[in-house]
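The values are calculated or read from the model by the stated rules, or taken from the named source; none is laboratory data. The shown structure was predicted, so the numbers you read here are calculated from the model rather than taken from an experiment. Quick reminder, even Gly has a Cβ in these numbers, built from the backbone with ideal geometry, and neighbours come from all protein chains shown. Note: areas computed on protein heavy atoms with side chains; ligands, DNA, RNA excluded. Shrake-Rupley method; radii C 1.70, N 1.55, O 1.52, S 1.80 Å.
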Amino acid sequence: MSKYKWNLEEKNKEVAVIPDFFKKENISDALARIMIRRGINSEDILIPFLHGSLNELENPFVMKGMKSAVDRILIAINKNENIVIFGDYDVDGITSTSILYRFFKNLGVNVGYYIPDRETEGYGPNVNAINNLAKKYDLLITVDCGIAAAKIFKEASKDIDVIVTDHHMPPDELPDVISVIDPHQKDCEYHFSEMAGCGVAYSLCRAIYLKKFNKDYFNDIELVALGTIADVVSLTDENRIFVKEGLKRLINTENKGLKALLYETGILKENEENQKKMIRSENISFIIAPRLNAAGRINHAKIGVELLTSTNDCEAKELAKKLCEINSERQKIEREIYGYAQDIVKKKDLSKEKTIVIAGENWHPGVIGIVASRLLDTYNKPSFVISIKDGVGKGSCRSIPGFNIYEALKAHSDILLQFGGHKMAAGFSIKEENIKLFEERMIKYTNEKITDEDCIPILEIEENISLNEITLDFIRSLDILEPFGCDNPKPLFLSKEILVNKTRRIGNENKHFKFSTFNNKEEIEGVFWNYENNSFCNQGQLIDVVYEPEIHNWYGEHVQLNCKDIEISYESTLNRDILVKIYNSLRKCNIRDLNENKLVEFIFEDVNYSINKVVIKLGLKVFVELGILSIFYKKYELFYKLNFFNKKFNLEDSETYKKYNNC
């Protein structure tokens with residue numbers, strides 16, 4: 001029944017002893033075990049993880065290319081030259097552009113920005129755009145793009161100086177410009193290379209400010225956090241500092257556009273005590289980022305920059321509302337193209353291959369990346385989605401762990417017009433007549449690189465834990481690990497032999513599945529979101545379930561399990577034969593001297609481990625309901641007393657038996 005491979009971290013990385021330094025920080029043993037398994041195993045690592053601050057960021061001038069870039073920018077400022085920021089149309093590009101634009105505006109610099117149209121211009125700098133900008137501006141600074149544009153800059157006007165800031169993997173040939181800032185450059189000595197484009201742009205702001213005013217620059221961290229989360233880069237080291245501080249500032253952000261979007265989406269609400277709210281990384285990933293991305297996908301990303309740089313409350317509210325409307329339209333287009341994509345996969349029987357390559361005429365290029373992500377989620381295979389228009393295909397691709405999709409494109413670059421990206425996500429363009437050849441070669445390439453096991457998605461599970469340990473306090477303690485994201489995922493737990501009490505379908509078209517069970521004698525619910533199976537489990541079954549524990553606010557706070565996968569661990573629960581075995585065991589022991597747990601253990605051993613302990617407890621409950629057993633307490637512990645009768649009992653008189661029989 002399970003659709004995943006379960007990788008139990010506690011087996012791979014056993015934690016025998018909890019060091020004392022965790023106690024100094026009031027961290028529980030349960031939480032300490034998780035942190036140790038994640039490499040937080042010394043006080044020198046723990047303290048920055050818990051208390052890392054902006055003051056601990058490395059000197060930005062250590063980054064290769066920073067000094068020459070700052071020197072040229074300060075010349076431009078002193079000479080009152082015109083500067084233009086060349087951005088990108090995703091959230092990282094939008095925030096990068098906004099950070100640098102707001103920075104220069106506050107310094108009184110003559111600054112503008114330019115973001116190419118996704119559909120008509122495509123990704124990154126292009127010759128026509130640069131030539132036009134050269135007529136008005138003296139200095140062009142790229143953000144979140146440009147590292148792969150060496151050929152473009154060679155062909156473009158030389159009447160404008162260029163500084164490239166980027167975070168994508170550098171190709172063999174770098175742009176021949178005033179300066180290139182990219183922490184992935186081979187000889188860059190900056191200790192942390194995994195920041196997003198917005199992190200690089202912010203580092204440039206810091207460096208300019210340090211050189212000009214001899215003090216650090218800490219503004220617009222909210223925007224750095226937003227772009228960092230949205231670009232799914234590693235939330236460790238300096239990225240963790242950016243995001244943790246940025247999320248903290250969001251509640252009281254002075255950025256009018258960002259504040260308007262927080263209210264428009266309902267993350268913050270009017271007339272509520274928002275100060276007590278905790279904005280989480282998932283609020284950005286699933287609510288804010290898609291709306292900003294939607295502008296660049298099906299309209300124009302400049303709407304996002306206009307929002308984040310707005311200084312007018314009314315304008316900000318209108319732009320926030322507009323972005324939400326654009327996002328609704330994006331969802332509609334995405335659903336339509338994903339439907340076509342699924343039809344192609346089924347028709348060509350691509351599910352049998354190690355990769356999925358599909359193409360369609362005039363598919364909106366702004367949503368093919370999302371469609372590729374959804375195909376990846378469904379089939380767990382590298383997925384390439386191509387939109388064809390006027391003889392050229394624009395492609396977007398997503399990959400599985402262990403398969404570098406950037407290197408895959410590089411290996412077939414002889415038939416590509418252009419490509420770029422990361423190991424997990426990339427984009428490319430290709431002539432229409434080469435698409436079939438590209439598919440054939442990519443299928444052959446992935447068959448050589450990917451095994452069948454690679455195509456089984458893996459759930460990384462923190463530990464096997466009793467459901468009784470999943471309390472509200474335990475869930476709250478996990479907040480210390482926030483912000484969650486790439487390389488610091490939300491913890492997944494496994495609980496075994498959970499008794500299913502009730503089941504039902506919920507939501508529009510019954511897309512979601514909910515079951516209830518018991519935790520410390522309180523009923524809790526588990527939910528599988530967007531699962532179309534007819535049934536995961538039935539009442540009375542015992543299940544093993546993998547889940548994220550969360551607090552559900554509905555008429556008070558309750559534990560809820562956000563379930564990811566399930567295995568049936570025990571098919572049949574109660575029947576007459578089982579009850580006879582339990583009863584016979586009861587007659588062999590001095591029942592009044594054994595509390596419930598010891599009694600269950602005795603029966604478990606007496607039946608040679610053939611009956612599950614949860615089922616034994618259910619059997620005891622049946623006997624109590626029938627009057628065969630009575631219960632009493634000694635020092636708050638539950639004990640049983642065996643009653644003797646000379647009559648036959650009807651098992652159907654027990655509600656528990658009727659509930660869990662013949663499941």
Inset, instruction - Using only Cα atoms, find the angle between the long axis of helix 66-78 and the longest principal axis of the chain, and express it within 0 to 90 degrees, rounded to the nearest 10. - result: 50 degrees
Inset, instruction - Return the subset of LYS3/LYS514; LYS256/LYS564; LYS158/LYS259 for which the Cα-Cα distance in this structure is over 29 Å, preserving the input order. - result: LYS256/LYS564; LYS158/LYS259
Inset, instruction - Provide the solvent-accessible area of ASP144, counting protein heavy atoms only and rolling a 1.4 Å probe, rounded to the nearest 10 Å². - result: 0 Å²
Legend entry - Selection of GluC sites (Glu not before Pro), segment 525-565, meeting DSSP coil and at most 11 other Cβ within 10 Å: GLU532
Inset, instruction - As a check on your grasp of the helix formula, calculate [θ] at 222 nm for the chain: sum -39500 (n - 2.57) over DSSP H runs of n ≥ 4, divide by the residue count, round to the nearest 500. - result: -11500 deg cm²/dmol
Legend entry - HIS412 - accessible surface, heavy atoms, 1.4 Å probe, Å² rounded to 10: 10 Å²
Legend entry - On Cα atoms only, tilt of 435-449 relative to the major axis of the chain in degrees: 50 degrees
Legend entry - Antiparallel DSSP beta bridges within the chain, as percent of all bridges there, nearest 5: 65 percent
Inset, instruction - Excluding residues fewer than 8 places away in the same chain, name every one of the aspartates and glutamates whose C-alpha is closer than 19 Å to that of LYS136. - result: GLU81, GLU155, ASP159, ASP161
Inset, instruction - Anything over 27 Å Cα to Cα? Flag those among LYS423/LYS511; LYS244/LYS332; LYS389/LYS436; LYS64/LYS423, in the order listed. - result: LYS423/LYS511; LYS244/LYS332
Inset, instruction - Starting from the amide H of THR309, placed 1.01 Å from N in the peptide plane, find each other amide H under 5 Å away whose residue is 5 or more places distant or on another chain. - result: none
Inset, instruction - Would you list, by chain and number, the aspartates and glutamates whose Cα falls below 19 Å from the Cα of LYS186, excluding same-chain residues fewer than 8 positions away? - result: GLU58, ASP144, ASP166, ASP172, GLU173, ASP176, GLU194, GLU407
Legend entry - Non-local Lys pairs in segment 574-663, i.e. 8 or more apart or on different chains, that have alpha carbons under 18 Å apart: 26
Legend entry - Relative contact order computed over the chain (Cα-Cα under 8 Å; 6+ residues apart), in percent: 10 percent
Legend entry - Residues with amide H under 5 Å from that of ASN488, placed H, sequence gap 5 or more: LEU235
Inset, instruction - Between LYS158 and LEU437, take the C-beta separation as r, use R0 = 35 Å, and let me know the FRET efficiency to the nearest 0.05. - result: 0.40
Legend entry - Solvent-accessible area, 1.4 Å probe, carbon plus sulfur percent, for the chain: 46 percent
Legend entry - In degrees, nearest ten, helix 237-250 long axis to first principal axis of the chain (Cα): 80 degrees
Inset, instruction - Mind checking the per residue accessible area of the chain for me, 1.4 Å probe, whole number of Å²? - result: 48 Å²
Inset, instruction - Quick one: accessible surface of TYR101, probe radius 1.4 Å, all protein chains present, in square angstrom to the nearest 10. - result: 40 Å²
Legend entry - Per-residue HN-Hα couplings for segment 103-119 [Karplus 6.51, -1.76, 1.60; θ = phi - 60°; Hz; x = Gly/Pro]: 4, 5, 4, 5, 8, x, 7, 6, 9, x, 9, 9, 10, x, 6, 4, 7
Inset, instruction - May I ask you to derive the relative contact order of segment 539-663, considering only C-alpha pairs under 8 Å and at least 6 residues apart, and to give it as an integer percent? - result: 27 percent
Legend entry - Under 5 Å, built H, 5+ apart or other chain: amide partners of TRP363: ILE388
Inset, instruction - Apply the Karplus parameterisation 6.51 cos²θ - 1.76 cosθ + 1.60, with θ equal to phi minus 60°, to every residue of segment 179-194 and state each ³J(HN,Hα) to the nearest whole Hz, in sequence, with x for glycine and proline. - result: 7, 10, 10, 7, x, 8, 4, 4, 9, 7, 8, 4, 5, 10, 9, 9
Legend entry - Candidate values [x] 221; [y] 210; [z] 188, label of the one derived for volume of the Cα convex hull per residue in Å³: [z]
Inset, instruction - Please identify every one of the trypsin sites (Lys or Arg not before Pro) in segment 375-455 that sits in a loop by DSSP and has no more than 15 other beta carbons within 10 Å of its own beta carbon. - result: LYS423
Legend entry - Given charges at beta-carbon only (K, R positive; D, E negative), |dipole| of segment 1-141 in Debye: 120 debye
